[in-house]
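I have placed the structure first, in the form of structure tokens, so that the comments after it can refer back to it.
All of the numbers you see were taken from the coordinates with simple rules; none came from a lab. Given the structure is predicted, the values throughout are model-derived calculations rather than measurements. Using ideal geometry, Cβ is built from the backbone for each residue, glycine included, and neighbour counts are taken over all protein chains shown.
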Amino acid sequence: MITTASLTFGYPRSIPIFQDFNWQVQHGETWAILGSSGCGKTTLLYLLAGLRFPTKGEIEIDGERLTRPRPHSGLILQDYGLLPWATVRENAGLGLKVREFYGEDGKHAPKNFQPENNVEHWLNRLGLSEVANKYPSQISGGQRQRTAIARTLALSPDLLLMDEPFSSLDAITREDLQNLTLSLCEEQNLTLVIVTHSIEEAASLGGKILLLGSSPRIFENPTVRQGDHRNSQEYRDLCNLLWREMRNETA
């Protein structure tokens, strides 16, 4: 689904963050992007979202070169991106309103786009029906993140990009939303790429983990979708391995 070919990117007056970076993501996979601060995790996500562009090389998604934000990609940010003056229901339906405004132009909305009034479905599915008429300031952090997820899923994406979406939540809410994310990806056949600074979160969500650093490495995590994965020896071994690898990067 995603292919980066000889990807090079750097900010002005700095050394490149990525240099001839090659990477592939298959449809339906869940990837966690892990690494120390400044290694390029969020930059890579913005490149995949079409918000930044390579200085060399290219990115292809479903065989098409990425030259602008892609209508079939959904991006969920750390700060939720909700309008404070809009209710939960209005925020969840915002993306659909934008698409209806532009029509099926192939840029802001997919070609042959037929708007589906599925906001209520996602509010119900994500447990938001009882707070649908409240404003972001009146609900919890977990509910705000669920609203951001509802807004994205209402657009029927095939690729879900998430930038440390659970970092500000308490441990129980964070684990609940991690489990929900995996369930939704399986139900909707979504490809997931999530940026995180947490080793435990990467091991909980990523069927494959990309560790960025001086030499990017990939770690397989085949048991991630199995029940009680967090209590397995495989999970503990993977977390310990990632800890060692990250310490070696910063040593």
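When Rg and Dmax are taken over the Cα atoms of the chain, they come to 18.3, 53 Å. Taken over the chain, lysine pairs spaced eight or more positions apart, or on distinct chains, with alpha carbons under 19 Å apart number 4. Each peptide among 214-221, 155-162, 180-187, 12-19 gets the average number of other Cβ atoms lying within 10 Å of its residues, and from highest to lowest they stand as 155-162, 180-187, 214-221, 12-19. If both residues of a DSSP beta bridge must be in the chain, then about 50% of such bridges are antiparallel. What dipole magnitude, in Debye to the nearest 20, does the chain give about its Cα centre under +1 on Lys/Arg Cβ and -1 on Asp/Glu Cβ? Value, rounded to 20: 620 debye. Given R₀ = 22 Å, what would the calculated FRET efficiency be for residue 138 paired with residue 176, taking r from the Cβ atoms and rounding to 0.05? It comes out at approximately 0.65.
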